[in-house]
1. For n ≥ 4 DSSP H runs only, could you compute -39500 (n - 2.57) per run for the chain, divide by its residues and tell me the 222 nm figure to the nearest 500?
2. Once you have the Cα-Cα distance between Asn395 and Ala433, take 0.36 nm times their residue separation minus that, and quote the gain in nm to one decimal.
3. Using a basic spin-label model with each label point 7 Å from the Cα along Cα→Cβ, how many nm lie between Ser466 and Trp236?
4. With respect to the cross-link table entries Lys246/Lys441; Lys103/Lys297; Lys159/Lys246, which display a Cα-Cα separation exceeding 26 Å?
5. Tell me, what ³J(HN,Hα) does each residue in the stretch 268-278 have, in order and in whole Hz, if you take phi through Karplus 6.51 cos²θ - 1.76 cosθ + 1.60 with θ = phi - 60° and put x for Gly and Pro?
6. Quick one: compute the contact order of the chain, relative version, from alpha carbon pairs under 8 angstrom and 6+ residues apart, as a percent.
7. Taking R0 as 41 Å, what FRET efficiency do you get between Ser262 and Phe360 from their Cβ-Cβ distance, rounded to the nearest 0.05?
8. Please give the per residue volume of the convex hull enclosing the alpha carbon atoms of the stretch 351-490, rounded to a whole number of Å³.
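The values are calculated or read from the model by the stated rules, or taken from the named source; none is laboratory data. Just so it is clear, the model here is predicted, and its values are computed rather than measured. Cβ placement follows ideal geometry from the backbone for every residue including glycine, while neighbour counts extend to all protein chains displayed. The accessibility values were calculated without ligands, DNA or RNA, using every heavy atom of the protein model including side chains. Shrake-Rupley method; radii C 1.70, N 1.55, O 1.52, S 1.80 Å.
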Amino acid sequence: MKRFLSPFLIATLVGGIFYLPILPERITWQNQGADGGDFLAAILTQGVPHPSGYPLYLVLGAVFQSFPVHTPYWRGALLSALCMAMAAGLLALWVEKVVFKAKPWAGAVGVFSAFLWLSTRLVWSQALIVEVHGLHALMVMIWVWWISALMGETLLSIKTLCLLGGMAGLGVGNHLSIVWLLPLVLWAGIGYGRRISWRAVFLQAICFGSGLLIYGILPLRAQAYPPVNWGGASDWQGFLWLVTGKIYQGMLFNVDGEQFLSRLSAFADLWLKDFSVLGVLLALGGGLIAYPTRVGKILLWIFLAFASFSLGYAAEDSQVYLIPAWIALSIATGIGLMEIKNWKWKTFPVGWVLISLFLFWVVWRIPATLREVDVRYKGDAADFAEHTLQSLPLNAVIVTTRDQDTFPLWYYHFGLKQRPDVRIVVLPLTPFAWYRQSLQKAYPDLHYPSTDSGKEWGEKLLALNSDRAICQTTVDLHPSIIIAYECQGN
């Protein structure tokens, strides 16, 4: 048992050492962290964040917010850090037990593959902020273990398979992009299902479906009309709008040729920065070596599915969806390292020299990566929200237009209950009936238009409340985020 767990424990501990000492106390826009304010506001008010609702993240976030340490933002970042570290542990263990079948050096290669992954800019940056991607990475690794077990790559009991199936279902309740792994599950079941009884298949399907039931907490929360209540999921129409991410569906694979080439260039640049030229070659070589095996096909699918999703999803922060692809690349790099370790030219150990050079580069890059991802002293979003709320006139209505200005204000106003006299109106959301209802429940003292629809509803709302100071934000995202506001009236 000790040998079985050691790669997991070592890699998880390394992740904790890397992440925990530098968790930030205050909300930030850095590292694509704009959504953190929305998540925290929802967690702290028993609300529902933006689609797809992320019920598993809400439940775990509430658990971490019960810890009596530091600030709410630090506790939210702690969830990201621990999940990312545990994902690294499962990665290391999978490399040792499934990829190399516990051969000599397998544990060391597994730990190094995990270390390579958790120390990349992409992964490290998401481990330090309030976001769903750390938990997503952990769930991806649980799916990988489940898929490999279905294929017979590792021997697990029926109870363990059912547990993995249930956790895989829960994983859908964190981020919907994990369904890109469903074809692997079907492939494993169709191609190798004869090794598992129909009873075992049925039990795992029941456990998987049971995990999906976590979405049931969204309508329960919505019925209480919390101030952050995306979709108004208390009815079927609102529930489906929320969990299917309807507001974002038009962004899926909606990039033109010029945008795709630009994204492809950025992808290649990020791969080189996070892995180096030698690392890229090792990953390509390791992938080719592994391809004929079932493990190789699992890695190839993970890489292609999530890389394609990232390249084709028309969102500014789409690179974060490469984290599972980076898992596949890190494992392929480990396979490449194992392959070259015995290379020699006459008696000269070429393989060990290349391995030593790569290890040196991985360690050498850490200080620069740390300086880039460390957000402890970059509380820019916190500065904006604190200054704005402190300086707004009494009973002011502040009108926001983007995630960058809205979510930090929601966190401070709803989550931390600062400036209860202020009213926040998100103008682009006013065409949605669920948002208009949320406003009326949160701010019953405002005057609302008699009509309940139309794009002009928000403008009418502001006109009806002209007895208050109306403050409008302006957001400039390039080259850095700058937000100002201007007030009119009282």
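1. -18500 deg cm²/dmol
2. Length gained between Asn395 and Ala433: 11.2 nm.
3. It is 4.5 nm.
4. Lys159/Lys246
5. 3J(HN,Hα) across the stretch 268-278, in whole Hz: 4, 5, 5, 4, 5, 5, 7, 10, 6, 4, 5.
6. Relative CO of the chain lands at 18 percent.
7. Values: r = 33 Å, r/R0 = 0.80.
Approximately 0.80, to the nearest 0.05.
8. Working: hull volume 22.7 nm³, N = 140.
Per residue, the Cα convex hull of the stretch 351-490 comes to 162 Å³.
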